Amino acid sequence: MQTWGKILVLATFAALPVAAVGQTYPAKPVRVVIPYPAGSTPDIVGRTLSGKLQESLGQPFIVENRTGAGGNIGAEAVAKSPADGHTLLIGINGPAAINKFLYKNLAYDSDRDLLPVSLLATSPQMLVVTPAVRASSFREFVEHARANPGRLSYGSVGSGSASHLTMELLKSDAKLFIVHIPYRGFPPAVTDMLAGNIDTMFAIIPAVLPQVRAGRMKALAVTGLKRSALAPEVPSVGELGYPQLESLAWIGLLAPAGTPKEVVGKLNAEAVRSMRTPEVRESLGKQGFEVVAGSPGEFAGWIRTEQSKWSRVIKASGATAD
């Protein structure tokens, strides 16, 4: 009995540091890596959340923009960081889920090396073309592109992004050949499109809506099953009869694999609470995003569903990282 008593006491003391990790976290400033440029949508969401977490958790949440390689540079930096919750990733479709199917030699594996904390927000996209493209509707665009294989080009914010894979989905579904031109974020892509250097792209709605309103771009569809409140005059792929083209850009919070569950739980609870505040909902709503914060398990399931869908698109289209 004495032996078992000693074992019980030792086990109790061994468990204390684990529990204490969650109680004392964060013990120092937290680095929040955003693998896209300042001013990009992931940056806006990441900085909004970081500010809220700093207020509630009492330590600085310092944003670091580490761009390049379709988000892989920033994601790799987080994947190889200590798993103590003091380095986090604001990830989107590509580096958090899809790039493993596009890049042959990634230095990290998103499934093995990154841990979902919470999905944060989602947004439909808008298909836009330049005025020079002879199409005033979605169907006319498909017909025009099919009649001119290889003569049209489209921009994206990088390989593995929603703007890239949504066009690849359309190309595969409608048997189109449109050349991919990747950019580092929407601002340079929009600038090049206004200059006539690319013909079309899928983009989050606020990135292109001012140009549409000014007549410098034509909006043909949004990639939701229903119209967007930001542009109610633009039809959705659902009502146009193409529900299979539904595609959402998304942003989530991830940590290095092995981060203690108590830390993940604390981060999740604070992230969900912060994202669901009225001011954050309103602010991101103006950016075209819907707050969808939830549990780590729900986010993990979301990633699996996205991987299943987009890996098939990548395989069918032959899409690769440029």
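The values are calculated or read from the model by the stated rules, or taken from the named source; none is laboratory data. Here the structure is a predicted model, which means the values were calculated and not measured. FYI the Cβ positions are ideal-geometry reconstructions off the backbone, even for glycines, and counts take in every protein chain you see. Accessible surface areas use protein heavy atoms only, side chains included; no ligands, DNA or RNA. Shrake-Rupley method; radii C 1.70, N 1.55, O 1.52, S 1.80 Å.
Solvent exposure of ASP113, expressed as accessible area, is near 30 Å², computed with a probe of 1.4 Å over the protein chains only.
If one takes the longest principal axis of the Cα atoms in the chain, at what angle in degrees, from 0 to 90 and to the nearest 10, does the Cα axis of helix 296-317 lie? Rounded to the nearest ten degrees, it is 40. In the chain, Cα pairs under 8 Å separated by at least six residues give a relative contact order of 25 percent. Gain on full extension, evaluated as 0.36 nm per residue between ALA107 and GLU64 minus their Cα-Cα distance, stands at 13.5 nm. Among beta bridges from DSSP that stay inside the stretch 112-210, the antiparallel ones total about 45%.
The long axis of helix 2-24 is offset from the longest Cα principal axis of the chain by roughly 40 degrees. Projected label points at ARG216 and SER308, each 7 Å from Cα along the beta carbon direction, are separated by 4.2 nanometres. For the pair SER137 and GLN244 in one chain, pulling the backbone fully straight at 0.36 nm per residue adds 36.7 nm over the alpha carbon distance.
Let me check against my output: what whole-number percent is the relative contact order of the stretch 160-315, with C-alpha pairs under 8 Å and at least 6 apart?
21
Find the relative contact order for the stretch 69-222 and round it to a whole percent, using C-alpha pairs within less than 8 Å whose residues are 6+ positions apart. So the answer I get is 29 percent. Here each label is just a point 7 Å from Cα along the line to Cβ, and for ALA83 and GLU279 those points are 3.6 nm apart. In the chain, the DSSP beta bridges split such that about 60 percent are antiparallel, to the nearest 5. Computing Rg and Dmax of the Cα atoms in Å for the structure here picks out one of (i) 18.8, 57; (ii) 23.5, 97; (iii) 21.6, 86, namely (iii). Once the Cα-Cα distance is subtracted from the 0.36 nm per residue extended length, the ALA269 to ASN197 segment shows a gain of 21.4 nm. For the set LYS100/LYS266; LYS80/LYS261; LYS171/LYS218, the pairs lying more than 27 angstrom apart at their alpha carbons are LYS100/LYS266.
The order of VAL179, VAL212, VAL234 by accessible area, most exposed first and with a 1.4 Å probe, is VAL179, VAL212, VAL234. The trypsin sites (Lys or Arg not before Pro) found in the stretch 39-112 that occupy coil by DSSP, while having at most 13 further C-beta atoms within 10 Å, are LYS80, LYS104. Rounded, prolate or oblate, given the Cα gyration tensor of the stretch 125-243, with a/c below 1.5 counting as rounded? The shape class here is rounded.
Shape class of the stretch 241-322 from the Cα gyration tensor (axes a ≥ b ≥ c, square roots of the eigenvalues): oblate, since a/c reaches 1.5 or more and a/b does not exceed b/c.
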